[in-house]
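Derivation of every value follows stated rules applied to the coordinates shown; laboratory data play no part. Predicted model only: the values in this text are computed from it and were never measured. Neighbour counts are summed over all protein chains in view; Cβ atoms, including those assigned to glycine, are modelled from backbone coordinates with ideal geometry.
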Amino acid sequence: MRATLALKHENQDIFSDVFRRAFARRDGGSAPRAMRVPRSISGKMNPALDMVIGPLGLRFRGRRLPCVVGRGGITEAKREGDGATPVGVHRIVGMLFRPDRMARPTPWAKPIRPGDLWSDDPGAADYNLMVRAPYEASHEVLRRPDRLYDLVLWTDWNWPDAQAQKGSAIFIHRWRAPGYPTAGCIGLRPDHLMWVARHISAGTRLIVPAL
């Protein structure tokens, strides 16, 4: 139990004082068809801060960037393993990077260490939290041999107090290839992902309407 609480505390505190100070120093196209925006989102979009998924890609700070979503499409009923991207307003709550492959992209980014994992076991106490090896429950390895997780923005979908089967590890990360879907995350071109990472601000959200 103590280990679980410690892991949850580490995840909740990912926005460290360094991050808060870094953001304190920072300055704070229409779609071809209508997007159905959940009532909780409507009227609250901030074009200066928010990233918005649409039929033509991800809109952020006046740019429209090509992106991919989950192989299961976009859903209002997200379930673990369905491969879908959940509808909603998702805060950006952390940034991870591979220090052996790139320089720290922002002062508050957290390095991915050997043995860093992400629990995707709905029955585990650590479900949808970063954990450390050895870890017997089902999990994703964050330090991958490919480059998919070289730079990761993680969202607060079902985090940190996760509900079983509601989905885990909804990230923004590098795509495998143009048009190649993810397992539920948002995929971006590597240079676009780096640009987004360097331009997000405190309060930036990922908005996924029901298309």
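Among the candidates R98, R91, R79, which residue alone is surrounded by fewer than 21 Cβ atoms within 10 Å (Cβ to Cβ), among the basic types (K, R) and touching a Ser or Thr at 6+ places or on another chain (Cβ under 8 Å)? Full working, then the answer.
Working: R98 fails: touching a Ser or Thr at 6+ places or on another chain (Cβ under 8 Å); R79 fails: touching a Ser or Thr at 6+ places or on another chain (Cβ under 8 Å).
From the options R98, R91, R79, the qualifying one is R91.
Taking region 95-125 as the range and being within 24 Å of S138 (Cβ to Cβ), of a type in the set (D, E, K, R) and part of a loop (DSSP other than H, G, I, E, B) as the test, the residues that pass are R98, R113, D120, D121.
Against the definition (farther than 20 Å from F60 by Cα and in contact with a helix residue (DSSP H, G or I) (Cβ under 6 Å, 6 or more places away or on another chain)), how does D161 come out, yes or no? When the stated conditions are applied, D161 does not pass them.
Residues considered: D191, D150, D156. Of these, the only one that is acidic (D, E) and buried (at least 19 other Cβ atoms within 10 Å of the Cβ) is D150. When the test is whether a residue is within 13 Å of V68 (Cβ to Cβ), of a type outside the set (A, V, I, L, M) and in contact with a Ser or Thr (Cβ under 8 Å, 6 or more places away or on another chain), G179 does not pass it.
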